[in-house]
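The values are calculated or read from the model by the stated rules, or taken from the named source; none is laboratory data. Since the model is a prediction, treat every value here as computed from it, not as a measurement. Here Cβ is always computed from backbone atoms with ideal geometry, including for glycine, and neighbour counts include all displayed protein chains. Side chains included, ligands, DNA and RNA excluded: accessible areas come from the protein's heavy atoms. Shrake-Rupley method; radii C 1.70, N 1.55, O 1.52, S 1.80 Å.
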Amino acid sequence: MVEVLKRISLIVICSSFLSGCVSYTPTVPEGYDGPSAFISDSATSIDSGKADFFYLSHIDGNKIKNSHSETIGASYGHGNHLSIVLLDNEVPVKEQTITIVGRTVYAMPIRAITGTVYEVKGDLNFTPLENEAYKIKGKLSEATSTVWIEKESDGEIIDKIEIVGDSKLGLLEK
C-alpha cells in the first residue's frame with residue numbers, strides 16, 4: 001500500500017509541474033476598451049491545509065488564471081500550509097459563457113489522494129453589468145454541492161450550478 005501511495009504521489013507531483021506550462025487567456029481581450037465588471041473568487045478554509053474554493057475557470061471556453069492553480073503554486077513546498085490566493089478578474093461587459101467551479105483543495109497531494117475532494121462545475125451564460133462586482137461562492141458537502149455567482153452589492157444570486165447527491169471525485173480525478 002505504501003508503494004502504491006508513493007507512486008500516486010509521484011504522478012500527482014509530476015502532473016503539477018506539467019500544469020505549470022499551461023498558457024492562460026487574458027480575461028479582457030487585447031485591445032478591448034469598452035466597459036468592464038469584476039468577478040472575484042472565494043474560499044472557505046477548513047483547516048490550515050484544506051479549503052473549499054469557488055472560482056471562475058474559463059471564459060467562452062478559454063482557460064484563465066484561477067485561484068485554484070495560483071494557490072497550488074503559492075503553497076508548493078510549504079508542507080501542510082495552504083497559502084490561499086484569491087483572484088479578482090476584470091471582464092468585459094458583453095454576453096459570455098463562464099465556467100465556475102467549486103472544489104476542495106489540499107496543500108499536500110497525499111491529503112487529496114487519501115481525503116475527500118468534492119467538485120461541482122458548469123457553464124453559465126452571463127452578461128455582467130458595467131462597473132458591477134460579482135463573487136463566485138458556494139457550498140460543498142456529501143448531500144449537495146453548489147457553486148453560484150452573486151452580485152456583491154446586494155447578494156443577489158445571478159445563477160448557480162448544483163449537484164444533489166454525491167459530488168466526490170474518484171482517485172484518478174483528484
If Lys and Arg each add +1 and Asp and Glu each add -1, what is the summed charge of the other residues whose beta carbon sits under 12 Å from the beta carbon of Ser23?
+2
Within the accessible area of the chain, what % is carbon and sulfur when the probe is 1.4 Å and the other protein chains stay in place?
54
Name the long-range amide H neighbours of Leu87: under 5 Å, sequence gap of 5 or more, or other chain; modelled H, no Pro or chain starts.
Asp41, Ser67
State to the nearest 20 debye the size of the charge dipole of the chain about its Cα centre, where the only charges are +1 on K and R beta carbons and -1 on D and E beta carbons.
920
Could you name the lysines in cross-link range of Lys50, using Cα to Cα under 23 Å and dropping any fewer than eight places away on the same chain?
Lys6, Lys65, Lys121, Lys135, Lys137, Lys139, Lys168, Lys174
Starting at the first residue of the stretch 100-115, write each ³J(HN,Hα) from the Karplus equation 6.51 cos²θ - 1.76 cosθ + 1.60 with θ = phi - 60°, in whole Hz, x for Gly and Pro.
10, 9, x, 8, 6, 10, 10, 6, 10, x, 5, 5, 5, 5, 8, x
Within the stretch 50-105, which chymotrypsin sites (Phe, Trp or Tyr not before Pro) sit in a loop by DSSP and count at most 14 neighbouring Cβ atoms inside 10 Å?
Tyr76
Sort all Cα-Cα distances of the stretch 40-80 into consecutive 10 angstrom bins from zero, then give the percent of pairs in each bin up to the one containing the longest distance.
26, 51, 20, 3
Measuring with a 1.4 Å probe in the full set of protein chains, what accessible area per residue, in whole Å², belongs to the chain?
54
Which value results for Rg/Rh of the stretch 12-130 when Rg is the Cα radius of gyration and Rh the Kirkwood radius based on the inverse mean 1/r?
1.00
